[in-house]
Amino acid sequence: MAKDKTGFSSFRFCCCIHVFLFALSSIPLLYWSCFFGYGYYYIQTTTSNENRSTNLLRFQKAWNHLDFSSQPPQRLLKIALFVKKWPDENQAGGLERHTLTLHLALAKRGHELHIFTASSSNSSFPLYPHFHISRPTAAGYLDQAVVWKQFQAENATKRPFDVIHTESVGLRHTRSKNLKNLAVSWHGIAYETLHSDIIQELLRNTTDDPVKSPALSERMKKVIEEVKFFPNYAHHVATSDHAGDVLKRIYMIPEERVHVILNGVNEEIFKPDVSKGNAFKSNLGIPESKSLIVGLAGRLVKDKGHPLMFEALQQIFNENSTFRDNVIVLVAGNGPWGTRYKGLGSNNVMVLGPLEQDQLAGFYNAIDVLINPTLRAQGLDHTLLEAILTGKPLMATKLASITGSIIVSQEMGYTYAPTVRELKKALYKIWEDGRESLQKKGRFARKRGLKLFTATKMAAAYERLFLCISSDEKKVHNYCIYQSQFN
């Protein structure tokens with residue numbers, strides 16, 4: 001018995017030591033987590049590191065924080081781009097808008113762009129990049145055999161490609177595994193989508209066993225599949241800080257092959273313009289007496305959170321006549337929930353349909369705050385960035401990609417858990433804070449947005465990455481080393 005007690009005491013002592021060591025090892029993690037968010041870490045450390053050389057391939061934070069030259073580089077690249085669909089400028093989703101903004105900017109800086117994409121009746125092709133068009137498969141994807149032959153034919157000319165870029169799996173991993181000068185941009189990965197699936201399951205509010213959910217089971221299989229084939233791509237560009245962290249920790253891709261470059265939007269289009277905002281309001285007949293104008297923009301579909309938003313607005317309108325009579329809700333975009341918003345039966349909800357970029361600029365200038373109720377934990381939504389550059393505060397779902405890269409503090413806006421109760425609380429909060437407080441947040445948001453979320457910043461970061469990983473036999477300049485004199 002004494003021996004058993006001694007053994008138990010020894011075991012308990014070992015457990016205590018183990019717990020102590022675990023707690024001790026957690027202190028640095030807790031310290032950094034509390035004091036430095038994704039968005040602010042580099043800002044805090046810039047002063048002490050500004051004169052040091054940095055290996056860009058090992059740079060941990062978003063490249064948007066760095067200052068690259070606004071002048072075209074001495075070396076101009078021949079770039080191959082693989083993208084499932086070349087976007088129509090006025091009807092593009094997030095990936096397509098990123099493609100359009102980035103690669104036209106690179107072409108304008110003098111790089112030779114060759115775009116391998118599928119034909120589409122909705123796409124218009126500009127003249128200056130070189131397009132290699134092929135018929136899509138029955139499922140709507142790039143025909144890999146055809147585009148690979150097109151690529152090989154062009155690559156065999158006098159000047160081979162310096163770098164290859166694929167938007168998501170435009171070029172399949174079976175073709176990419178031997179290309180060392182290739183970068184893939186991820187605008188959403190299965191691990192992030194798993195979070196969205198969990199939210200959707202909770203919102204269903206059923207007694208069904210979630211373990212038996214076919215959606216969750218399939219998503220887990222997809223995560224495992226991605227972990228297996230992602231290493232076949234040489235370099236990975238994450239469009240949010242959170243996605244970059246997941247690629248390194250969960251997908252186990254070496255850190256020197258994962259690079260964070262945040263999305264950017266055209267700063268020449270999306271900027272503060274009071275007269276444009278006033279004209280937009282005047283055209284809609286919005287009286288000056290309204291205390292608040294709230295904006296929603298994007299695809300009006302279920303996974304963008306519009307059922308939640310609809311229910312929250314409906315409840316507030318029914319319980320608070322003052323809110324209903326003094327707040328205008330402008331809804332820009334298309335999708336089935338547009339019709340439902342019209343059915344709210346309130347003159348204060350205006351569904352505008354899809355808007356072209358110039359109209360969107362007027363829309364952002366007219367509103368006091370942009371709300372993005374998305375349930376999709378993927379990438380960085382362009383509507384948030386467009387509103388920021390226009391000088392508007394944000395309200396959005398508390399998702400890691402958003403809180404880690406965009407709404408990093410209350411000075412920029414509001415976040416909420418994806419439930420009707422929490423969304424209502426956030427709506428009442430912006431109403432109570434009022435226009436003056438929102439304008440202050442908007443100015444802060446724009447100041448930070450100009451440092452991180454412009455198309456110029458994004459294009460310069462991608463250009464530097466492409467120069468760094470390109471096939472340059474002469475190695476005249478090491479573009480992988482960043483120094484302050486390059487600013």
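Looking at segment 347-358 only, could you name the residues that are assigned to a loop (DSSP other than H, G, I, E, B) and open to solvent by 20 Å² or more (accessible area, probe 1.4 Å)? Spell out the reasoning first.
Here is the first cut: in segment 347-358, the ones assigned to a loop (DSSP other than H, G, I, E, B) are 347-348, 354-356.
Scanning segment 347-358 gives N347, P354, L355, E356.
Any residue in segment 330-346 that is free of Cβ contacts under 8 Å to residues at least 24 places away in the same chain, open to solvent by 10 Å² or more (accessible area, probe 1.4 Å), in contact with a strand residue (DSSP E or B) (Cβ under 9 Å, 6 or more places away or on another chain) and assigned to a strand (DSSP E or B)?
No, the conditions are met nowhere in segment 330-346.
Kindly evaluate Y428 against the criterion of being open to solvent by 10 Å² or more (accessible area, probe 1.4 Å) and in contact with a helix residue (DSSP H, G or I) (Cβ under 7 Å, 6 or more places away or on another chain).
Values: open to solvent by 10 Å² or more (accessible area, probe 1.4 Å): yes; in contact with a helix residue (DSSP H, G or I) (Cβ under 7 Å, 6 or more places away or on another chain): no.
Considered against the rule, which asks whether it is open to solvent by 10 Å² or more (accessible area, probe 1.4 Å) and in contact with a helix residue (DSSP H, G or I) (Cβ under 7 Å, 6 or more places away or on another chain), Y428 comes out as no.
Any residue that is in a helix (DSSP H, G or I), within 24 Å of D303 (Cβ to Cβ) and over 19 Å from the mean Cα position of the chain (by Cα) - is there at least one of those in segment 431-441? Please lay out each step first, then the result.
Here is the first cut: in segment 431-441, the ones in a helix (DSSP H, G or I) are 431-441.
Add one more test, that the residue is within 24 Å of D303 (Cβ to Cβ), and what stays is none.
Looking for residues that are in a helix (DSSP H, G or I), within 24 Å of D303 (Cβ to Cβ) and over 19 Å from the mean Cα position of the chain (by Cα), one finds none in segment 431-441, hence no.
Mind checking which residues of segment 410-423 are open to solvent by less than 30 Å² (accessible area, probe 1.4 Å) and either outside any loop (DSSP other than H, G, I, E, B) or among the hydroxyl-bearing types (S, T, Y) (or both)? It would help to see each step written out before you state the result.
Taking segment 410-423 as the starting set, the residues that turn out to be open to solvent by less than 30 Å² (accessible area, probe 1.4 Å) are 412-414, 416, 418, 423.
Within segment 410-423, G413, Y414, Y416, L423 qualify.
Step by step: first the residues of segment 153-177, then only those that are in a helix (DSSP H, G or I) and in contact with a helix residue (DSSP H, G or I) (Cβ under 8 Å, 6 or more places away or on another chain), then the one that is least open to solvent (accessible area, probe 1.4 Å). Which residue is that? Can you show your working first?
First, the residues of segment 153-177 that are in a helix (DSSP H, G or I): 153-155, 168-170, 173-176.
Subsequent filtering for residues that are in contact with a helix residue (DSSP H, G or I) (Cβ under 8 Å, 6 or more places away or on another chain) retains 168, 173-176.
Numbers: S168: 32, H173: 35, T174: 90, R175: 79, S176: 0 Å².
Going through the qualifying residues, I end up with S176.
Quick one: which residue in I407, I388 is in contact with a Phe, Trp or Tyr (Cβ under 9 Å, 6 or more places away or on another chain), in a loop (DSSP other than H, G, I, E, B) and surrounded by 18 or more Cβ atoms within 10 Å (Cβ to Cβ)?
I407
Of all the residues that make up segment 135-145, how many are open to solvent by 60 Å² or more (accessible area, probe 1.4 Å) and closer than 23 Å to F230 by Cα? Spell out how you get there, then give the answer.
Keep residues of segment 135-145 that are open to solvent by 60 Å² or more (accessible area, probe 1.4 Å), which gives 135, 138-139, 141.
Now drop any that are not closer than 23 Å to F230 by Cα, which leaves 139, 141.
Number satisfying all stated conditions: 2.
Among A377, A361, which is touching a Ser or Thr at 6+ places or on another chain (Cβ under 8 Å), part of a helix (DSSP H, G or I) and aliphatic (A, V, I, L, M)?
On the way: A377 fails: part of a helix (DSSP H, G or I).
Going through A377, A361 in turn, the sole match is A361.
Do we have Q315 as open to solvent by 10 Å² or more (accessible area, probe 1.4 Å), at pLDDT 95 or above and not hydrophobic (A, V, I, L, M, F, W, C) here?
Numbers: open to solvent by 10 Å² or more (accessible area, probe 1.4 Å): yes; at pLDDT 95 or above: yes; not hydrophobic (A, V, I, L, M, F, W, C): yes.
Spelling it out, Q315 is indeed open to solvent by 10 Å² or more (accessible area, probe 1.4 Å), at pLDDT 95 or above and not hydrophobic (A, V, I, L, M, F, W, C).
Which one is nearest to Y364 (Cα to Cα), of the residues in segment 274-297 that are open to solvent by less than 50 Å² (accessible area, probe 1.4 Å) and charged (D, E, K, R)?
K281
List every residue pair whose Cβ atoms lie under 8 Å apart, where the two residues are 6 or more positions apart in sequence or sit on different chains, the first residue falls within segment 246-268 and is touching a residue at least 60 places away in the same chain (Cβ under 8 Å), and the second residue, located anywhere, is among the acidic types (D, E).
Y251/E226; V260/D241; L262/D241; V265/E386
Tell me which helices (runs of 4 or more DSSP H) are completely within segment 240-329 and hold 3 or more residues being more than 19 Å from the chain's Cα centre (by Cα), or say none if there are none.
Values: elements: 241-249, 274-284, 306-319, 321-326.
Hits in segment 240-329: 274-284, 306-319, 321-326.
Can you tell me which residue within segment 181-235, out of those that are assigned to a loop (DSSP other than H, G, I, E, B) and in contact with a Leu (Cβ under 6 Å, 6 or more places away or on another chain), is modelled with the highest pLDDT? Outline the logic, then answer.
Taking segment 181-235 first, the residues assigned to a loop (DSSP other than H, G, I, E, B) are 181, 187-189, 205-209, 213, 233-234.
Then drop every residue that is not in contact with a Leu (Cβ under 6 Å, 6 or more places away or on another chain), which leaves 187, 234.
Numbers: H187: 91, A234: 97.
This residue is A234.
Residue check: is A361 under 22 Å from the mean Cα position of the chain (by Cα), open to solvent by less than 10 Å² (accessible area, probe 1.4 Å), within 29 Å of E96 (Cα to Cα) and at pLDDT 95 or above?
Yes; evaluated as a whole, the condition is true for this residue.
Can we say P136 is assigned to a loop (DSSP other than H, G, I, E, B), over 24 Å from the mean Cα position of the chain (by Cα), at pLDDT 95 or above and over 18 Å from H103 (Cβ atoms)? Reasoning before the result, please.
Working: assigned to a loop (DSSP other than H, G, I, E, B): yes; over 24 Å from the mean Cα position of the chain (by Cα): yes; at pLDDT 95 or above: no; over 18 Å from H103 (Cβ atoms): yes.
No, not satisfied.
The values are calculated or read from the model by the stated rules, or taken from the named source; none is laboratory data. Given the structure is predicted, the values throughout are model-derived calculations rather than measurements. Heads up, the Cβs are rebuilt from the backbone with ideal geometry, glycines too, and the neighbour counts pull from every protein chain shown. When the accessible area is computed, the model is the full protein with side chains, heavy atoms only, and any ligands, DNA or RNA have been set aside. Shrake-Rupley method; radii C 1.70, N 1.55, O 1.52, S 1.80 Å.
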